[in-house]
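Each remark here refers to the structure printed beneath this line.
Bear in mind these aren't lab numbers, they're just calculated from the coordinates by the rules spelled out. Here the structure is a predicted model, which means the values were calculated and not measured. Using ideal geometry, Cβ is built from the backbone for each residue, glycine included, and neighbour counts are taken over all protein chains shown.
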Amino acid sequence: MRVKKKATVTELTLETGLIECGFTFGNRFREFFSEQTGEEKFKFNVDMVATAKAVKENGDEAFTLGDLLDIYYGKKTYATYDKSELRWNKFVHDFCADEATAVFDERLKAAAELWAIVRDSDRKKEYSHELFEEFKDRMRSN
C-alpha cells in the first residue's frame, strides 16, 4: 500500500493556498507578511486569526495568502473576531486603575454594573472617571 505524501510548499506567494502551505502564525509566515507589508515587526491582527481558523475549519482550499493580506488591510472580510471581549477587558483594567473605584470592596462586580449601563447605551464603550462620577450613585456599594 502506497501512502500519499503531502507536497511541501517551499516558496510562499500571494497565490499560495492557506491550507496548501500549512499556514501557522509562526516566524516563516510572519516574515512573509513583513515583506509584503514593509512592516519590520509584523503582527497578525485578530481578524486574520479568526479568518485562518475559519478557513481551516471550513477546509477552504481556495483561500490564499493574498486573501489573508486583504483581510489585514481591511479590503475583505471572511471571519471577524468578537472585539467586545477586548473592550470589556480594557474597561475593567481602566476601572480598577482609577483610585476612586477603591470605595468598592468587589471592584469587578462594580465594574460589571457600570459596564452594563454603558453596554446598553449609545455611549462609547470606554471607562472614564467622569462616567464613574455620573453613575456611582446607581451602583451598589459593596
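Here are the numbers for the structure shown:
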{"read-out": "Taking N as its residue count, the alpha carbon Rg of segment 84-138 over 2.2 N^0.38 Å", "value": "1.00"}
{"read-out": "When each of K53/K75; K53/K124; K56/K76; K43/K75 is checked by Cα-Cα distance, pairs over 28 Å", "value": "K53/K124"}
{"read-out": "Fraction in percent of alpha-carbon pairs per bin - 10 Å, segment 23-104", "value": "16, 38, 23, 14, 9, 1"}
{"read-out": "Among (1) 1.30; (2) 1.17; (3) 1.53, the entry that matches Cα Rg over 2.2 N^0.38 Å as calculated here", "value": "(3)"}
{"read-out": "Estimated FRET transfer efficiency (F25, R119; beta-carbon r; R0 22 Å; 0.05)", "value": "0.10"}
